[in-house]
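Contents: one structure, followed by commentary.
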Amino acid sequence: MSSLIRGAIAPMRAIAIIAILLTAAGCATTPGRTRSDDPWEGANRGIYKFNDTLDRAALKPVAKGYRAITPRWFRTGVGNFFSNLSYPATVVNQFLQGKPGTGARDAGRFLLNSTIGVAGLLDVATPLGLVANDEDFGQTLAVWGVGSGPYITMPLFGPSSLRDAPSRIFDYFLGPLEYMHIPWEAEWGLRGIDIVHTRSELLSLDATLQSAFDPYAFIRDAWVQQREFAIYDGNPPPETLEDFSDEEEPATGESAADAPAPEEPATAEEPAAEPPTP
């Protein structure tokens, strides 16, 4: 447990100065929006089909077996452990987003669960008012004003964007497993358990996905909405006029003022007066 804590604190020390400097510099006032633009839809659908085939053949059966043989209390402990293990990334990104108060509380949550909570197996921080948050470097880039770019589907990892996909590398190196002196077999064994556990938590959504007319489009739209919700901390702004595409403009490019005025309806001619009789 002590090695876990030391491994988690080491990268946080190295990044603390950068986080403070970036916080002092300030963040963008308007976060970059997450778009559903899908110019590479053909390739994305091919990758989605590959991921879905792999999931049906291997990951989903393993996840169902894991859920069948493990009791709820065991799965709760496993979920707490891996959530706590990834929490240093949340702490660092809170500071990078200019939220030092929340970052300090999240750091306290991580240290409390890592010690009293037995390496994160027990969540003792939530009952004390230190609720969990989930921040990543993709959200940080959005807060700095970086737009999402086109939507992409990543092999094995699923939905993402040009902004969010590379940010996974930054968060990966904030994980304590990278700084713990354990055999590589143990490290990747833990990562495998994390993947299986995460998939088992999503089994209840399979029926909803299968009932969708277009599962690919359903996942894409749901992911975009979820990212907006996360970036704006649960309060995404309403759509603005700039969010509408140019296709809604008049095809001729003429404004209402340039349009010719409608002609007045013609009236029936009055009958000519009859000449007076002699």
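The values are calculated or read from the model by the stated rules, or taken from the named source; none is laboratory data. Treat the numbers as computed from the prediction; the structure is a model and nothing was measured. As a convention, Cβ positions derive from the backbone with ideal geometry for all residues, glycine included, and neighbour counts pool all protein chains shown. The protein model used for the area step is the full one, side chains on, heavy atoms only, and it has no ligands, DNA or RNA in it. Shrake-Rupley method; radii C 1.70, N 1.55, O 1.52, S 1.80 Å.
Give, in nm to one decimal, the length gained when the segment between residue 83 and residue 201 is fully stretched (0.36 nm per residue of separation minus the Cα-Cα distance).
Answer, rounded to one decimal: 41.2 nm.
For segment 20-235, restrict the atom set to alpha-carbon positions and state the Rg and Dmax in Å.
Cα only, segment 20-235: 18.3, 51 Å (Rg, Dmax).
Could the peptides 93-99, 133-139, 228-234 be put in order, highest first, of the mean number of other beta-carbon atoms found within 10 Å of their residues?
The peptides rank, most packed first, as 93-99, 133-139, 228-234.
Leaving out ligands and nucleic acids, note down the accessible area per residue over segment 20-235 with a 1.4 angstrom probe, in whole Å².
Each residue of segment 20-235 exposes 54 Å² on average to a 1.4 Å probe.
Carbon-plus-sulfur fraction of the accessible area of segment 20-235, 1.4 Å probe, in percent?
Reported share for carbon and sulfur atoms: 67 percent.
Please enumerate, by chain and number, the lysines with C-alpha under 17 Å from the C-alpha of residue 49, excluding those fewer than 8 residues away in the same chain.
Straight-distance partners of residue 49: 60.
How far is the Cα center of segment 68-123 from the Cα center of segment 159-204, in Å?
So the separation of the two Cα centres works out to 14 Å.
Beta carbons within 10 angstrom, averaged per residue: use that to sort the peptides 154-164, 43-53, highest first.
The peptides rank, most packed first, as 154-164, 43-53.
Around residue 186, under 14 Å between beta carbons, what's the net of Lys plus Arg minus Asp minus Glu among the other residues?
Charge balance in the 14 Å sphere: -3.
Indicate the gyration tensor shape class of segment 93-156 (rounded, prolate or oblate), computed on the Cα atoms with a ≥ b ≥ c the square roots of the eigenvalues: a/c under 1.5 is rounded; otherwise a/b larger than b/c is prolate and the rest oblate.
The shape class here is oblate.
Write out the chymotrypsin sites (Phe, Trp or Tyr not before Pro) in segment 162-212 meeting two conditions: DSSP loop, and at most 15 other Cβ atoms within 10 Å of their Cβ.
173
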